[in-house]
Each structure stands twice: as structure tokens, then as C-alpha cells.
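Since the structure comes first, as C-alpha cells, the remarks are kept for the end.
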Amino acid sequence: MSRKILAAVEASSLKSEVPSFDIGDTVDVHTRILEGEKERVQIFNGVVIAKSGSGSREMFVVRRIVAGEGVERKFPIHSPKIAKVEVKRSGVSRRAKLYYLRDRTGKSTRLREKRDDVVADAAGAKGAGKKAARKPAAAKA
């Protein structure tokens, strides 16, 4: 009974349009900031290194380097303070949490970019092997 009540209360605070992004993506997080009577939007850009929670408690962690120091911020996905999340670049990640990036500096913090055209080509030549995909069939004569 109490779970149903909690689910009903939680459903009212959830956003209808949840941004879709994955671990390893480089994102711009637009946050609303109140300064006195005025409201402005501040952008925090970096790499998504973790996602956690579910429902209204779902969070994600964004990491960036500022003046040689690593800075991480944890954002609630369904918060009204988050105006929008823009995906700038999709990165390839084989892990759920990218905490190993904390120990790295410089170029070693870069992730490979997820590219759709390479995936489509690889699917077309699947099973034929690399050499068969490169050489035309008429070249064997």
C-alpha cells in the first residue's frame, strides 16, 4: 500500500521529457540559478562518469577539468533546476562507472567517439572478414 502511495507522489515530480544520454557522453548541463530576483542559466560541460538511482532520485555525475583541477558535479535528472541536457559528443564506454578517469590527466582522459556510420559499415561486412570487405569480388580473376 505505502509503495503505491510513494509511486503516485513520485510520479507528479517526474519530468515528462527525460534527456537521453549515456555514460561517457560529453554533455552541456544547463542549470537555472537564482540571483536575487533574476534567474539565469549557467552551463556546466563535461563527461558523464556515472548514473545512479531510479525514479525521482535518479542522478548523474559530470566531470570536467578547470584550471588543471578535476571538478565533478552531481545533478538530479528530474530537478526543475535543470533546464536541459545537451549531448555534444557520444563516447564509447564499456563500463557503468568511469571513476578511473579521476586518476588520469591530459590526453589519456579522452574516450573514443561513438560513430554511427562505422557501426553500419561493420554490420554490412559482418562475417565476410576484413579482407573480403575491402576487395571487390572481380579482383580474383
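Here, each number is a calculation from the coordinates, and none is a lab measurement. Keep in mind that this is a model prediction, so the values were computed, not measured. All Cβ positions, glycine included, derive from the backbone under ideal geometry; neighbour counts span all protein chains shown.
Going through (1) touching a Ser or Thr at 6+ places or on another chain (Cβ under 8 Å); (2) more than 26 Å from Thr105 (Cβ to Cβ) one by one, His30 falls short only on (1). Condition test on Ser12, is it part of a helix (DSSP H, G or I), free of Cβ contacts under 8 Å to residues at least 24 places away in the same chain, more than 26 Å from Arg95 (Cβ to Cβ) and polar (S, T, N, Q)? Yes, satisfied. Counting residues in the stretch 51-58 that are surrounded by 14 or more Cβ atoms within 10 Å (Cβ to Cβ), out of contact with any Lys or Arg (no Cβ under 9 Å at 6 or more places or on another chain) and touching a residue at least 12 places away in the same chain (Cβ under 8 Å) gives one or more. Selection of the stretch 25-47 for residues being without any contact (Cβ under 8 Å) to a residue 60 or more places away in the chain and not in a strand (DSSP E or B) yields Gly36, Glu37.
Selection of the stretch 87-99 for residues being of a type outside the set (A, V, I, L, M, F, W, C) and surrounded by 15 or more Cβ atoms within 10 Å (Cβ to Cβ) yields Ser90, Gly91, Ser93. Please go through the stretch 60-86 and pick out each residue that is surrounded by 15 or more Cβ atoms within 10 Å (Cβ to Cβ), among the aliphatic types (A, V, I, L, M) and free of Cβ contacts under 8 Å to residues at least 40 places away in the same chain. Matches in the stretch 60-86: Val61, Val62.
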